[in-house]
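The values are calculated or read from the model by the stated rules, or taken from the named source; none is laboratory data. Bear in mind the structure is a predicted one, so any value in this text is a computation, not a measurement. Here the Cβ positions follow ideal geometry from the backbone for every residue, glycine too, while neighbour counts run over all protein chains shown. Areas reflect the complete protein model, heavy atoms only, side chains present, ligands, DNA and RNA absent. Shrake-Rupley method; radii C 1.70, N 1.55, O 1.52, S 1.80 Å.
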Amino acid sequence: MQNLTKQIIIALILGIAVGLGMNFFLPDLFGPVDQYVLSPIGDIFLRLIQMMVVPIVFVSIVLGTAGLGDPKKLGRIGGKTIGFFLLSTTVALTIAMSLALLVKPGTPGLLDSVEIEEEYQAEETPSVVETLVNIVPTNPIDAMASGEMLQIIFFSIFIGFALAVLSKKTDKIYHLFEQAFDLVMYLIKIIMYMAPLGAFALIASAVGGVGLEAIQSMFAYFLVVLAALLIHAVITYGSVIKFMAKKSPVWFIKNFAQAISVAFGTASSSATLPVSMTTAQKRLGVRESVSGFVQPVGATINMDGTAIMQGVATVFIAQVYAQSLSLTEMLTVVLIAVLASIGTAGVPGVGLIMLAMVLDQVGLPVEAIGLILGVDRLLDMARTAVNITGDAACALYINETEPDLDEEEDDKPSLNSNA
Ligand code: ASP
């Protein structure tokens, strides 16, 4: 596995070099190479791991919830997980907005020098109440067919809970889920052999496709988002790992690097989920019951990196349009962005769609998203890496602060039998 991590990282670096090189020296060749080689390879890899998302979320949440057993423990861990996610996203937004206010990446002059080339069409975003009601599926098969993650999570927790309560009566079904888990993990292992090639293709395609002018004109914004992501990852997650989970942050990064590099390549938390779960379980030693519960929920509702982009973007756009944000408006941004993070699906680019909702709330023009569209693909990769790192940090924290629930449950078949 160590080897594979190295290969993926080398592939990412090569991909950036090839993408940049083609962008500079062979811009005409990039189109066909991307269309016939890079994009298809990248897409096959993405589709292969996406194929595993619904099975792994369903199976691991059922097992995770059943493994936590006692509803009281489930409630405590659930509460701790959600509390952690809400708090860390609020911290992320505070860092992002403070940095943007301090550095002032946006100036009104920018509007004259850059035209909003790409038309940005805001999509309808569901209201908060709608999002909450929608968590309950009317048809679980339909939820799985359309990949409605929150609905799948709800349904899986329900089944896991019932399996825990029914215990011996349904132990055959429980074992069936255990075997399904082994099967899914094995498939992911096979798919990961393609990861270096897939990551190379995805990143070369993304880097090659971004106009360098787009980066130049939005350089200050680009850097502020990257800096805020880095500060949050190093300071917030570093402190969580060091002081709350009592582990070394360097050890964490070394062992979790594989998942981070896949997140970087795919720009999708959901697609990275199978890899981030296996990495957390196998390399960080997070118990399957904890990882199986915390990480799928996190990949769906916890998006610190996305919130950081939204915080910086809102302040940046306000600066470009010479509008000052009042304290109430800034608090509104925090509140809406935290809620938006729950409703943001873990797929490429959705963070921008949710940004429309945030801008709308504070009366900023939604079409200003066109300004930052050009650099968003690259930032998407970086923020997705932060998104999944936050979930893993939370999983490690819960793992280290909650007693080993699996061992406590003598009458329950061990969830770690295949670890
Ligand atoms: N791509 C991000 C993720 O999957 C979501 C976003 O910010 O667009 O986590």
Query raised in the report: If you scan region 218-252, which residues turn out to be open to solvent by 40 Å² or more (accessible area, probe 1.4 Å) and under 21 Å from Gly21 (Cα atoms)?
Result: Phe219
Query raised in the report: With Gln216, Gln179 as the choices, which residue is polar (S, T, N, Q), farther than 25 Å from Glu288 by Cα and without any contact (Cβ under 8 Å) to a residue 60 or more places away in the chain?
Result: Gln216
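Rundown of residues vs (1) away from the ligand (no atom under 11 Å from the Cβ); (2) touching a Gly at 6+ places or on another chain (Cβ under 7 Å); (3) within 30 Å of Met194 (Cα to Cα); (4) of a type in the set (Gly, Ala, Ser), yes/no style:
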site	(1), (2), (3), (4)
Phe293	yes, yes, yes, no
Thr306	no, yes, yes, no
Gly311	yes, no, no, yes
Ile336	yes, no, no, no
Pro348	no, no, yes, no
Query raised in the report: How about region 245-275: which of its residues are touching an Asp or Glu at 6+ places or on another chain (Cβ under 8 Å) and more than 16 Å from the ligand (Cβ to nearest atom)?
Result: Ala245, Lys246, Lys247
Requested in this report: Starting from region 288-301, keep only residues that are touching a residue at least 60 places away in the same chain (Cβ under 8 Å) and part of a helix (DSSP H, G or I), then list their pairs with residues that are open to solvent by less than 10 Å² (accessible area, probe 1.4 Å) and of a type in the set (D, E, K, R) whose Cβ atoms are within a distance under 9 Å, requiring at least 6 positions of separation or different chains.
Outcome: Val294/Asp391; Gln295/Asp391; Pro296/Asp391; Val297/Asp391; Gly298/Asp391; Ala299/Asp391
Requested in this report: Could you give me the residue pairs with C-beta distances under 6 Å whose first residue belongs to region 312-336 and is without any contact (Cβ under 8 Å) to a residue 40 or more places away in the chain, whose second residue is crowded, with 22+ Cβ neighbours inside 10 Å and not basic (Lys, Arg) wherever it lies, and which are 6+ apart or on separate chains?
Outcome: Leu325/Ala318; Ile336/Val358
Query raised in the report: Is it true that some residue in region 210-217 is under 22 Å from the mean Cα position of the chain (by Cα) and either under 18 Å from Leu87 (Cβ atoms) or surrounded by 20 or more Cβ atoms within 10 Å (Cβ to Cβ) (or both)?
Result: no
Query raised in the report: For region 127-208, list the helices (runs of 4 or more DSSP H) that sit wholly inside it and hold at least 2 residues that are open to solvent by 50 Å² or more (accessible area, probe 1.4 Å) and at pLDDT 90 or above; which are they?
Result: 140-145, 149-166, 171-192
